[in-house]
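To start, the structure under review is shown below, and the notes come after it.
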Amino acid sequence: YMFQEGHMASECYFVISGSVEKVIDTDKGEYIDGTIKEGGSAGELCFFFGIKHLHSARASKEGVVALRLARDQFMAILAMYQEDEELVSNNSLANFEASSAAMSVS
């Protein structure tokens, strides 16, 4: 697993090739809630807001190549570009709200 549901988000991943499965544990076993493909990212919303992961993520059977960004590295980059902090925050919040709305519909 790249990260597991319920653990604090201390890093996020950017998929270079292959894919990542979003896994949710249920009473009936695990449920694959979606796939993150090349160009996508995994764990970024919880990472940005410093909350626990809402699902687990693991490499698909075909495998994955991904870049890992640790929270301390991200905060250092953000400190260098403070004028962009609000833009990043607003974009992350919009993505979070869109994800929450999609989850409440399904």
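The values are calculated or read from the model by the stated rules, or taken from the named source; none is laboratory data. Treat the numbers as computed from the prediction; the structure is a model and nothing was measured. Don't worry about glycine lacking a Cβ; one is built from the backbone with ideal geometry, like all the others, and counts go over all protein chains shown. The accessibility values were calculated without ligands, DNA or RNA, using every heavy atom of the protein model including side chains. Shrake-Rupley method; radii C 1.70, N 1.55, O 1.52, S 1.80 Å.
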Among the Cα-Cα pairs of segment 14-102, the proportion with separation greater than 19 Å, in percent, is 48
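Excluding Phe47 itself, calculate the net charge of residues whose Cβ lies under 12 Å from the Cβ of Phe47, where each Lys or Arg counts +1 and each Asp or Glu counts -1.
Details: positive: Lys52, Arg68, Arg71; negative: Glu11, Glu44, Asp72.
That works out to 0.
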For a quick check, take a GNM of the chain with Cα springs below 10 Å and name the residue from Val88, Val23, Val15 with the largest mean-square fluctuation. Val88
With a probe of 1.4 Å, find how much accessible area segment 5-106 has per residue, and write the answer as a whole number in Å². 65
Long-range amide H contacts for Glu38: which residues qualify at under 5 Å (H placed 1.01 Å from N, peptide plane, sequence gap of 5 or more or a different chain)? Gly18
For the chain, modelled as a GNM with alpha-carbon contacts under 10 angstrom, which of Gly43, Gly63, Gly18 fluctuates the most? Gly63
Diffing segment 12-29: the Karplus 3J(HN,Hα) column from phi (6.51, -1.76, 1.60, θ = phi - 60°), in whole Hz with x for Gly and Pro, holds 10, 10, 10, 7, 8, 8, x, 8, 10, 8, 8, 10, 10, 7, 10, 4, 9, x
Assign one of three labels to segment 1-56, namely rounded, prolate or oblate, based on the Cα gyration tensor with a ≥ b ≥ c the square roots of its eigenvalues; rounded applies when a/c is under 1.5, prolate when it is not and a/b is larger than b/c, and oblate otherwise. oblate
